[in-house]
Amino acid sequence: SLHDALPISPTLARTLKRAFAADGITCMQNNERAGGQSVFHFHMHFVPRTAGVELFQRLHDRVEVPAGDRERLFAPVRDLLGSHA
C-alpha cells in the first residue's frame, strides 16, 4: 500500500543508486492504462539512471533479463537493504 511504500522509498532509492553505481534514480507510479499502468495495483518503479541516457528510450528498448541473472544482479541490493528488506 501507499502507506507502507512511501516511508521506505528514500532508503530503496539510495540503495539502488549505490548498488548500481547510478548517477540518479527516477521513481514513478503509473495509474490506469492511459497513464501507462500495465499491472493494475499500486506499485512504484525505481529506475537507476545514467547521466545522458533518456529515460523512455531506456524503458522501451530494454531487453528481458533471465531470472537467474536478475537474482545475481539484485543480490547486492538485498545485501545493502539488510534489515530493511
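The values are calculated or read from the model by the stated rules, or taken from the named source; none is laboratory data. These numbers come from a predicted model, not from an experiment. We place every Cβ from the backbone using ideal geometry, glycine too, and count neighbours over all the protein chains shown. For accessibility, only protein heavy atoms count, side chains too; no ligands or nucleic acids. Shrake-Rupley method; radii C 1.70, N 1.55, O 1.52, S 1.80 Å.
Some points to look at:
- Filtered by the rule that a residue be closer than 19 Å to Leu55 by Cα and either surrounded by 13 or more Cβ atoms within 10 Å (Cβ to Cβ) or not polar (S, T, N, Q) (or both), the range 34-43 gives Ala34, Gly35, Gly36, Gln37, His43.
- Residues located in the range 13-24, provided they are open to solvent by 40 Å² or more (accessible area, probe 1.4 Å) and over 17 Å from Arg78 (Cα atoms): Asp23
- Residues satisfying the stated conditions in the range 4-55, i.e. of a type outside the set (A, V, I, L, M, F, W, C), in a loop (DSSP other than H, G, I, E, B) and either modelled with pLDDT of 90 or more or more than 12 Å from the chain's Cα centre (by Cα) (or both): Asp23, Asn30, Asn31, Glu32, Gly36, Gln37, Ser38, His41, Thr50, Gly52, Glu54
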